[in-house]
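A.B. asks: Shown below is the structure under consideration.
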Amino acid sequence: MAGKVKWVTDIEKSVLINNFEKRGWVQVTENEDWNFYWMSVQTIRNVFSVETGYRLADDQIVNHFPNHYELTRKDLMVKNIKRYRKELEKEGSPLAEKDESGKYLYLDFVPITYMLPADYNLFVEEFRKSPSSTWIMKPCGKAQGKGIFLINKLSQIKKWSRDSKTSSFMTQSTKEAYVISLYINNPLLIGGRKFDLRLYVLVSTYRPLRCYMYKLGFCRFCTVKYTPSTSELDNMFVHLTNVAIQKHGEDYNHIHGGKWTVNNLRLYLESTRGKEVTSKLFDEIHWIIVQSLKAVAPVMNNDKHCFECYGYDIIIDDKLKPWLIEVNASPSLTSSTANDRILKYNLINDTLNIAVPNGEIPDCKWNKSPPKEVLGNYEILYDEELAQGDGADRELRSRPGQSLGPRGGRSRDSGRTVLTTWK
Amino acid sequence: MLQEESDLALIIAQIVQKLKGSTLYAQLERQAWASLQRPEIKLESLKEDIKEFFKISGWEKKLQNAVYSELNVFPLPSHPAAPPEHLKEPLVYMRKAQVLINLRNPNYENGDSHSFRTHLGLIQVPLKVKDIPELKEFFVELGLTAGQLGIDDSTQVPPELFENEHVRIGQKVLSEQDSAAAQQYIRQGSPTALRAELWALILNTSSQPEDILYYEQLKTNVIQHDLLVDSLIYKDVKLTASNDDYYFVFEDYLYQVLLCFSRDTSVLGHFAYNSASPPKSYIRGKLGLEEYAVFYPPNGVIPFHGFSMYVAPLCFLYHEPSKLYQIFREMYVRFFFRLHSISSHPSGIVSLCLLFETLLQTYLPQLFYHLREIGAQPLRISFKWMVRAFSGYLATDQLLLLWDRILGYNSLEILAVLAAAVFAFRAVNLMEVTSLAAAEAVLADLSTLKVMPLLQIFLFATVT
C-alpha cells in the first residue's frame, strides 16, 4: 500500500486545508520529506532560485511553474505576447493577419500597453494620437488593485518621464516599474454597472500545452453605476472590479458579493443579444486564453514537478469584444460569500484531482493525461497532443464544416461540443 | 344558435368599442387615408382595395394581434344590463371579501371555519378548479409525446431531434408577427434568443415613438414629484432583489421601472376587470366628496414586500428601460394583479390555492394528511411561491421557462400545478419530517429544480 501524501503549505486557507484533510493526506513541515507543496509565489522563487534553490524529487509536486511571472507579471505578459505576434508574422502565419489599419485581426486582445519608464517616449507618441483617451497605470508586481490609478493628462505621470535608461527588466526595482494601458472606457454594462470576468485555467504542462478551463467562472460587478465622466476618474469603486476594493464600498453586499456566475452572463447575453454573438464571444474568450498560453510556452520552464492554476481577468467591451487584462498566479482563495467558499473549495478539489491523480503519492514522470471522469468542473481547453494528432478518435461531435486542424481542441459547453467559430 | 350569434355580436361590439380609442385605430385611419394615393386603390372598389392593402402591408396582422390581445384580457361578455361590478367579480361574497382585503397585506390566507365537501386544506371556498384529467387536456402540449424546451434541449439530447426545428419555427413565427401563433408556439417553451421578442409579440406591445415618449414623461414625473409609495419601493428592492444572486445587478432598473409604474395612470384601466378597486384619497377637508377624490398612488396599486420580484426576471430579457417597462406593465395588468387580489377567477390567487390543495389532497393524500398532522399545512409553504409566481425561488432560466407557459396558456394555474409537483417530488423527505420548520427546510431551496420534467411527471406520468 502506498503511503499517504505528505503536504505542506504556507497559505493558511481553509479551502486548501480542508481539501488536503479530506483526502487523508498528512501535514508535514517544509524541512521534512514532502510530496505536495501548495506555495505562495515568494516561496516558489526561493525553491527555484540560484542561491537557495534545491532539486525536487520525483515524488514532489508544486503548484507553480518556476518562471510563471512570464505570464503573470503585467509587463512580461505583454512583452511575450508582442514577441509571439511578431514571430507568427515573420513566419507568415494566417493567425498574424492584420486589417487595413494595421491591427491584428485575431491577436489583438491586449489593450495597447507600454512599460514605464522604459517606453515612456513611445507612450507619449501614442498618447498624443488621441489626447482625450484615458489610460490606466498599474504597478507591475502588485495585486488586488493596489497602486492602480487612471490618468488622462500627461502631467499626471510626470515622474516617469525622467530619462532612465535601463537595460533589462531584471535590474529595475519592481516598486518603480509600471505598465500603462489604454483604458477600456466602453465596457459592456449590465444594469448600468461595469464588471469583469474571473476565469480559472489549470495548466498541467506547457510543452505539450495542456490546459483546462474551470466551467464555473464568475463576473465581478462594481457596486456603483459606471460613468466615463472625468470627474469620477478618482472614484475607484466605479472603475476597479477587484473584490478587494469593492468590499469597502458602501453598497457591498455580503450575500452575493457582487458576483454573477458565467451562466447568468450567458443567459443574459443570449436573451438580449442573441445566440450567435454570445457563442462567438465565449469562443473568443477561450481563444485568447489559449493564445496567451502559447505565447509564453516557449519561454516557460516546463518543469515536470509543476502545475499551475491561474486566475484570468477579462473585460468585455460594449462591442462584445473580450480583452485580456491580466493573469494571476495566485488567485485569491479568500471567500467573500458562502457561494464563494463552495466554489473555491470545489475548484481546489478538482485541481487536486487532476494534478495529483487518485490522491496518491505523485510520480512526476507520469504523462499528465488524466481520465475524463476526474475533470469535475474543468473541461479541456486545449490539448496540444490531441490537437496535433489525428482528431478522429475523439468522441467530440463535430458539426459539418468544422476544421479539426492545429487550432482544434475546443472547450466543451457543459458536455456538448460548441461550434468554435475560429477561422 | 341565436344565442351564440348574439353573444358573438356582443363580443365584437365590445372589442370594437375598446379598440376605437387605441393608437392602433388612429394609425389604421392614417394609413387608410394615405393609401388613397396608391394606384391600386380604385374608387369603385374602395373598401376591398383598402382591405387588400392592409393585408399586404401587415396592418391586418397588427389588427388581428390587437383583437387577440383583447380576447385574452377581457372576460367573456355578460348580460348587457349587468352592472360594472359584475364584470370585475361576479360573486357577491367575493366582492365583499375584496373590500376587506384592500385594507390588508395581500400575503393573507382566506380561512373560514365552514367546511365544504371534505376539504382539509385552508381554503374553504366552493370554487371550481380543474382536476388532473382536465389539466392534462388543458396543458396537452406539455405531454410526453411533444418536445419541450426545458427537457428536450438538455445536453444529452442531440439538437436535431427537437431543438433545431423548434428554433426554426420560432423564427418563422416572429417573422410573421402573429400573436396567436406565438402564443401557441411558446407552450413548448421559447429559445433563449427569441424569448424577448416572442413575449413582446404575445403581449402585443409596440415600440412606437409615442410609447417611448410616454415613458420619458413618467420618468419626468418621478423627478418632479415624490410619492410616499416611493419609500415602499426602495424598501422592497433593498430587501429582496438587492440580496438576490441573480437580480442584484438590476437594482437601478428596478427602481426606475417601479417608480414610473406608480405614476402611470393608464394602469387604472385594468381595474375594470380586476375585482379590486384602487384606493382613493380625498383632498384635505373634502372627505367623501367624489369630485375631490384622487386615486393613490396614481396607478392604484400599492406595492408590497416582494413586488419588485415581478420585474426582476424581466431584466434578463430587456436591457432597454422603456421596453422593460412596457413588458412589465403588460404582464402586471394581464397576470400578476390576480396574484394579490381576491376573486373567483380561475387564475386568481384563491383559485390557485384551492387548486393546489385539491391536487395535493387528491393525488398525494398520505403526504397531505401527514403534513396536516404535524401542523404543516402545505399551503403555508407554497403560498409564497405562488404569490411571487416563483420569482426568487427558481433559477432564472427555469423561471423563464415557467413564465413561457403562463403566457402560452394565458393562465396562472400552472403555478399551482408546479407547487403540487414540487411537493410530490420531495414527498419522500417530507414524509419523514415532524414539524413545520423541518418541512420548510426540505422545501427551502428550489434553485436546483428543473421545472418542466417536474410538471410532466406530475401531470402525465403519475397514476391517477
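A.B. asks: Only one of A:LEU16, A:LEU56 is hydrophobic (A, V, I, L, M, F, W, C), closer than 24 Å to A:ASP363 by Cβ and either more than 23 Å from the chain's Cα centre (by Cα) or surrounded by fewer than 14 Cβ atoms within 10 Å (Cβ to Cβ) (or both); which? So that I can check it myself, show each step before the final result.
C.D. replies: Values: A:LEU16 fails: either more than 23 Å from the chain's Cα centre (by Cα) or surrounded by fewer than 14 Cβ atoms within 10 Å (Cβ to Cβ) (or both).
None of the others qualify; the one that does is A:LEU56.
A.B. asks: Residues to consider are B:LEU407, B:LEU379, B:LEU400, B:LEU367; find the one that is within 14 Å of another protein chain (Cβ to nearest Cβ), of a type outside the set (Lys, Arg) and part of a helix (DSSP H, G or I). Step through it out loud before you land on a result.
C.D. replies: Details: B:LEU407 fails: within 14 Å of another protein chain (Cβ to nearest Cβ); B:LEU379 fails: within 14 Å of another protein chain (Cβ to nearest Cβ); B:LEU367 fails: within 14 Å of another protein chain (Cβ to nearest Cβ).
None of the other options fit; the residue is B:LEU400.
A.B. asks: Quick check on my filter: what residues within the range B:182-209 are over 17 Å from B:SER69 (Cβ atoms) and away from chain A (no Cβ under 14 Å)? Steps first, please.
C.D. replies: At the first step, the residues of the range B:182-209 found to be over 17 Å from B:SER69 (Cβ atoms) are B:187-196, B:209.
Answer for the range B:182-209, where residues must be over 17 Å from B:SER69 (Cβ atoms) and away from chain A (no Cβ under 14 Å): B:ARG187, B:GLN188, B:PRO209.
A.B. asks: If you don't mind, another one. Go through the range B:382-397 and report how many residues are under 25 Å from B:ALA438 (Cα atoms), surrounded by fewer than 23 Cβ atoms within 10 Å (Cβ to Cβ) and within 14 Å of chain A (Cβ to nearest Cβ).
C.D. replies: Adding up the residues that qualify gives 1.
A.B. asks: Under 6 Å by Cβ, and 6 or more places apart or on different chains, what pairs join a residue from the range B:231-244 that is under 16 Å from B:TYR310 (Cβ atoms) with one that is aliphatic (A, V, I, L, M) and in a helix (DSSP H, G or I)?
C.D. replies: What qualifies is B:ILE233/B:LEU258; B:VAL237/B:LEU254; B:THR240/B:MET309; B:ALA241/B:LEU254; B:ALA241/B:ALA312.
A.B. asks: Now, a different point. Tell me yes or no: at least one residue of the range A:349-359 is out of contact with any strand residue (DSSP E or B) (no Cβ under 8 Å at 6 or more places or on another chain), among the charged types (D, E, K, R) and more than 14 Å from every other protein chain (Cβ to nearest Cβ). Don't jump to the end; show me each part of the working.
C.D. replies: Narrowing the range A:349-359 to residues out of contact with any strand residue (DSSP E or B) (no Cβ under 8 Å at 6 or more places or on another chain): A:349, A:352-353, A:357-359.
Still in the list and also among the charged types (D, E, K, R): none.
No, the range A:349-359 contains no residue that is out of contact with any strand residue (DSSP E or B) (no Cβ under 8 Å at 6 or more places or on another chain), among the charged types (D, E, K, R) and more than 14 Å from every other protein chain (Cβ to nearest Cβ).
A.B. asks: Another one. Under 6 Å between Cβ atoms, at least 6 apart or on separate chains: pull out the pairs that start in the range B:153-171 with a residue that is facing chain A (nearest Cβ under 9 Å) and end on any residue that is surrounded by 12 or more Cβ atoms within 10 Å (Cβ to Cβ) and at pLDDT 90 or above.
C.D. replies: Every condition considered, the pairs that remain are B:VAL167/B:PRO191.
A.B. asks: Would it be correct to say that B:LYS238 is of a type in the set (Lys, Arg), more than 16 Å from the chain's Cα centre (by Cα), surrounded by fewer than 17 Cβ atoms within 10 Å (Cβ to Cβ) and within 14 Å of chain A (Cβ to nearest Cβ)? Steps first, answer last, please.
C.D. replies: Values: of a type in the set (Lys, Arg): yes; more than 16 Å from the chain's Cα centre (by Cα): yes; surrounded by fewer than 17 Cβ atoms within 10 Å (Cβ to Cβ): yes; within 14 Å of chain A (Cβ to nearest Cβ): yes.
Against the criterion (of a type in the set (Lys, Arg), more than 16 Å from the chain's Cα centre (by Cα), surrounded by fewer than 17 Cβ atoms within 10 Å (Cβ to Cβ) and within 14 Å of chain A (Cβ to nearest Cβ)), B:LYS238 qualifies.
A.B. asks: I'd like the residue in the range A:354-376 that is of a type in the set (Gly, Ala, Ser) and either touching a Lys or Arg at 6+ places or on another chain (Cβ under 6 Å) or not in a helix (DSSP H, G or I) (or both) and, out of all such residues, is surrounded by the most Cβ atoms within 10 Å (Cβ to Cβ). Write out each step before concluding.
C.D. replies: Narrowing the range A:354-376 to residues of a type in the set (Gly, Ala, Ser): A:355, A:359, A:369, A:376.
Subsequent filtering for residues that are either touching a Lys or Arg at 6+ places or on another chain (Cβ under 6 Å) or not in a helix (DSSP H, G or I) (or both) retains A:359, A:369, A:376.
Numbers: A:GLY359: 16, A:SER369: 13, A:GLY376: 18.
Among those that are of a type in the set (Gly, Ala, Ser) and either touching a Lys or Arg at 6+ places or on another chain (Cβ under 6 Å) or not in a helix (DSSP H, G or I) (or both), it is A:GLY376.
A.B. asks: For the range B:148-254, please list each of the helices (runs of 4 or more DSSP H) lying entirely inside it that holds at least 3 residues being closer than 30 Å to A:GLY257 by Cβ. Walk me through it before giving the result.
C.D. replies: Values: elements: B:163-176, B:179-185, B:192-202, B:209-224, B:228-239.
Per the criteria, B:192-202, B:228-239.
A.B. asks: Given the criterion hydrophobic (A, V, I, L, M, F, W, C) and assigned to a loop (DSSP other than H, G, I, E, B), identify the matching residue among B:VAL422, B:VAL433.
C.D. replies: Working: B:VAL422 fails: assigned to a loop (DSSP other than H, G, I, E, B).
Criteria check complete, one pass: B:VAL433.
A.B. asks: Sticking with this one: Of B:ASN274, B:ASN299, which residue is more than 14 Å from chain A (Cβ to nearest Cβ), closer than 30 Å to B:PRO346 by Cα and either more than 21 Å from the chain's Cα centre (by Cα) or without any contact (Cβ under 8 Å) to a residue 40 or more places away in the chain (or both)? First the steps, then the outcome.
C.D. replies: Numbers: B:ASN274 fails: either more than 21 Å from the chain's Cα centre (by Cα) or without any contact (Cβ under 8 Å) to a residue 40 or more places away in the chain (or both).
Answer to the check: B:ASN299.
A.B. asks: B:GLU357 fails exactly one of the following numbered conditions: (1) within 14 Å of chain A (Cβ to nearest Cβ); (2) part of a helix (DSSP H, G or I). What is the number of that condition?
C.D. replies: Here B:GLU357 meets the rest and fails (1).
A.B. asks: Name the pairs: first residue in the range B:133-145 and surrounded by 11 or more Cβ atoms within 10 Å (Cβ to Cβ), second residue assigned to a loop (DSSP other than H, G, I, E, B), Cβ to Cβ under 9 Å, at least 6 apart or on different chains?
C.D. replies: B:LYS136/B:GLY143; B:LYS136/B:THR464; B:PHE138/B:LYS130; B:PHE138/B:SER411; B:VAL140/B:ALA146; B:GLU141/B:GLN148; B:LEU142/B:GLN148
A.B. asks: In the set B:ILE349, B:ILE342, B:ILE302, B:ILE327, which member is closer than 29 Å to B:LEU430 by Cα and among the β-branched types (Val, Ile, Thr)?
C.D. replies: Of the residues listed, the single one that is closer than 29 Å to B:LEU430 by Cα and among the β-branched types (Val, Ile, Thr) is B:ILE349.
A.B. asks: Counting only residues that are surrounded by fewer than 23 Cβ atoms within 10 Å (Cβ to Cβ) and touching a residue at least 12 places away in the same chain (Cβ under 8 Å), which one in the range B:180-192 is farthest from B:GLY150 (Cα to Cα)?
C.D. replies: Only one residue fits best here, namely B:ALA180.
A.B. asks: I've got another one for you. Can you spot a residue in the range A:144-152 that is at pLDDT below 90, part of a strand (DSSP E or B) and within 19 Å of the chain's Cα centre (by Cα)? Walk me through it before giving the result.
C.D. replies: Of all residues in the range A:144-152, those at pLDDT below 90 come to A:144-152.
From the residues that got through so far, the ones that are part of a strand (DSSP E or B) too are A:149-151.
Pick out the ones that are also within 19 Å of the chain's Cα centre (by Cα) and you get none.
Within the range A:144-152 (the criterion being at pLDDT below 90, part of a strand (DSSP E or B) and within 19 Å of the chain's Cα centre (by Cα)), the answer is no, since none of the residues qualifies.
A.B. asks: Taking the criterion of being buried (at least 23 other Cβ atoms within 10 Å of the Cβ) and not small (Gly, Ala, Ser), would at least one residue in the range B:281-298 satisfy it? Step through it out loud before you land on a result.
C.D. replies: Of the range B:281-298, the ones buried (at least 23 other Cβ atoms within 10 Å of the Cβ) are B:297.
With the extra rule that they be not small (Gly, Ala, Ser), the set shrinks to B:297.
Within the range B:281-298, one or more residues are buried (at least 23 other Cβ atoms within 10 Å of the Cβ) and not small (Gly, Ala, Ser).
For every residue, the table says whether it meets (1) out of contact with any strand residue (DSSP E or B) (no Cβ under 9 Å at 6 or more places or on another chain); (2) of a type in the set (Gly, Ala, Ser); (3) modelled with pLDDT under 85; (4) on the phi < 0 side of the Ramachandran plot.
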{"residue": "B:ILE12", "(1), (2), (3), (4)": "yes, no, yes, yes"}
{"residue": "B:LEU19", "(1), (2), (3), (4)": "yes, no, yes, yes"}
{"residue": "B:GLU29", "(1), (2), (3), (4)": "yes, no, no, yes"}
{"residue": "B:SER45", "(1), (2), (3), (4)": "yes, yes, yes, yes"}
{"residue": "B:ALA81", "(1), (2), (3), (4)": "yes, yes, yes, yes"}
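The values are calculated or read from the model by the stated rules, or taken from the named source; none is laboratory data. This one's a predicted model, so the numbers in the text were calculated from it and none came from an experiment. Every residue, glycine as well, gets a Cβ built from its backbone with ideal geometry; the counts of neighbours run over all protein chains shown.
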